[in-house]
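The values are calculated or read from the model by the stated rules, or taken from the named source; none is laboratory data. What you are looking at is a predicted structure, and each value in this text was computed from that prediction instead of being measured. Cβ: placed from backbone, ideal geometry, glycine included. Neighbour counts: every protein chain shown. Only protein heavy atoms, including side chains, enter the accessible area calculation; ligands, DNA and RNA are left aside. Shrake-Rupley method; radii C 1.70, N 1.55, O 1.52, S 1.80 Å.
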Amino acid sequence: MSDKQNNTMEKIVSLCKRRGFIFPCSEIYGGLANSYSYGPYGTALKNNIEKLWWRKFVENREDMVGMDGPIILHPKVWEASGHTEGFNDAMVDCKACKYRFRVDHLIQEAIGEDMEGDLDGMNKKLQEEEIKCPQCGKKDWTDIREINMMFKTQMNGFDGEVYLRPETAGAIFLDFKNIIDSLRVKVPFGIAQTGKAFRNEIVAKSFIFRVREFEQMEIEYFIHPEADWESIFEEWLKKQEEFAQSLGAKKEDLRRYEHPESKLSHYSKKTVDVEYNYPFGGFDELFGLAHRGDFDLTQHAKYSKKDLSYTDPFSGEKYVPHVIEPTFGLDRCVLTSLCAAYTEEEVSDTSRVVLKFPRDLAPVKIAVFPLLRNREELVGKAREVFDILKEHFVCEFDDNGNIGKRYRRQDEIGTPYCVTVDFDSLDNDDVTIRDRDTTEQNRVKLGELLDYFKDRLISL
Ligand code: ATP
């Protein structure tokens, strides 16, 4: 990672704390291993991304329905899906400095080889390539150990261990039958779900990129086993890339990574990650897309002894649908959006930091200022403007400090428009609107203000 990249990431992390987007969690107790809280603006940004996703992938499509299943499911679910047995990552400790690493990441960073899942291969590589500890430079490794990444917990009234879900998708298959029996969905169709997922990651790192408690937005898209799955797969991949661009990601900062056959699960015909060029370490996974065949429905049918097939209402054909699974990490969306928006630039001989979010995603859409806080007539009029606009958009009233300082603060939280009430406003019944990206200022009559913003902003 270059110093410049490192530096940019540090600046983004610091801005997130300073401006109320993301805070280190449990900080007053010394922090808790790379966990974070979303502050007021981070929560608004995250909610906007989730709403945009739900609108694009559920509400705007006739072939999709949404659901919301629980975090704790029957433990048999994870036996059937293979998580209890195989949702493992391999770790190794440096005996000298006690640092812990995820082995596939250690090897990837040292020699650029992707060996995820190949335990014997990784063991050999670690020795043969004489890979050194990136922390202390020694070559004194413990044996590699695999750990299951699911968080275990207990539940009153249930004997034995239960798990916090490691992905949201699991619950979707459990309600497949309920959904086809209660709605008029016809294959091809999809079920979407968003919510928390928990993974006991060996190393949580890179800010909110890899955390142990995160949010996913997932879809299971059910298709006929003989359908032209390649074109449906390609269609979803394009939708994922479009969604990444609606977060603000530039085309050139996105790429596809197709998993080699050696890395594919036995049931998957194809798996592709959509990667983003993060300012730490470069390209890494943002979204995933997998063809999972009929594995999940067949496994759950086998473990539950229930019939999970589908009968075509027209032809009467009965079959177990195959599934294409587009999966999106919400926290990685927030991170991508922050990284893509972060801009340092010179404007009229002064330098500024501005978050150039796509306007729909900005936590605050319009800030309203009276030119001076100690002039009642200006404050009163600015309040009137604020009261009108806040019914339609997320607005903020700010009368703190001079106008330059207020613009700087709104730039740093990415507010697309600032509206100022000055002395001319009192005579002319108009305001000044300043555009975040161009910094150009426009005078608009109060009677036209709402339409002006309705043409330019969508409220999600
Ligand atoms: P990785 O290879 O980065 O560990 P994965 O392939 O295990 O990710 P999936 O199981 O495909 O991830 O999960 C779907 C999505 O959930 C990912 O594309 C990513 O956006 C998000 N995600 C997965 N693990 C984490 C995590 N620990 N923290 C934040 N987001 C995550």
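Computed values, structure above
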read-out	value
Solvent exposure, largest accessible area first (probe 1.4 Å, DNA, RNA and ligands not counted), of HIS291, HIS266	HIS266, HIS291
Sequence of LYS263, LYS238 when ordered by accessible area, the most exposed leading, probe 1.4 angstrom	LYS238, LYS263
Solvent-accessible ranking of SER262, SER351, largest area first, probe 1.4 Å	SER262, SER351
Chain lengthening between GLU62 and GLU230 when straightened (0.36 nm per residue, less Cα-Cα)	58.4 nm
Amide H contacts under 5 Å for TRP141, placed H, 5+ residues apart	LYS95
Semi-axis lengths (Å, descending) of the ellipsoid that matches the C-alpha gyration tensor of the stretch 364-454	17, 16, 12
With DNA, RNA and ligands ignored, accessible area of MET9 (1.4 Å probe; Å², nearest 10)	20 Å²
With 10 Å bins from 0: P(r) over the stretch 243-349, alpha-carbon pairs, percent	13, 30, 24, 18, 10, 3, 2, 0
Mean Cα-pair separation over length for the chain, i.e. relative contact order, pairs under 8 Å, 6 or more apart, %	13 percent
Of all accessible heavy-atom area on the stretch 310-402, the percent that carbon and sulfur account for (1.4 Å)	46 percent
Theoretical gain in end-to-end length, ARG443 to LYS51 [0.36 nm per residue, Cα-Cα removed]	137.9 nm
Accessible area expressed per residue, the chain, with surrounding protein chains retained (probe 1.4 Å, Å²)	49 Å²
Relative contact order (percent, whole number), the stretch 16-64, Cα cutoff 8 Å, 6+ residue spacing	28 percent
Hydrodynamic radius by Kirkwood, which averages 1/r over all alpha carbon pairs of the stretch 116-253, in angstrom	19.6 Å
Heavy atoms of TRP141: accessible area, 1.4 Å probe, square angstrom to 10	30 Å²
Rounded to 5, percent antiparallel among DSSP beta bridges of the chain	85 percent
Solvent-accessible area, 1.4 Å probe, carbon plus sulfur percent, for the stretch 243-290	43 percent
Whole-number percent relative contact order across the stretch 364-454, with pairs defined as alpha carbons under 8 Å at least 6 apart	30 percent
Mean Cβ neighbour count within 10 Å, used as a protection proxy, ranking 384-391, 86-93 highest first	86-93, 384-391
Accessible area of ARG100 in the full protein assembly, 1.4 Å probe (Å², nearest 10)	100 Å²
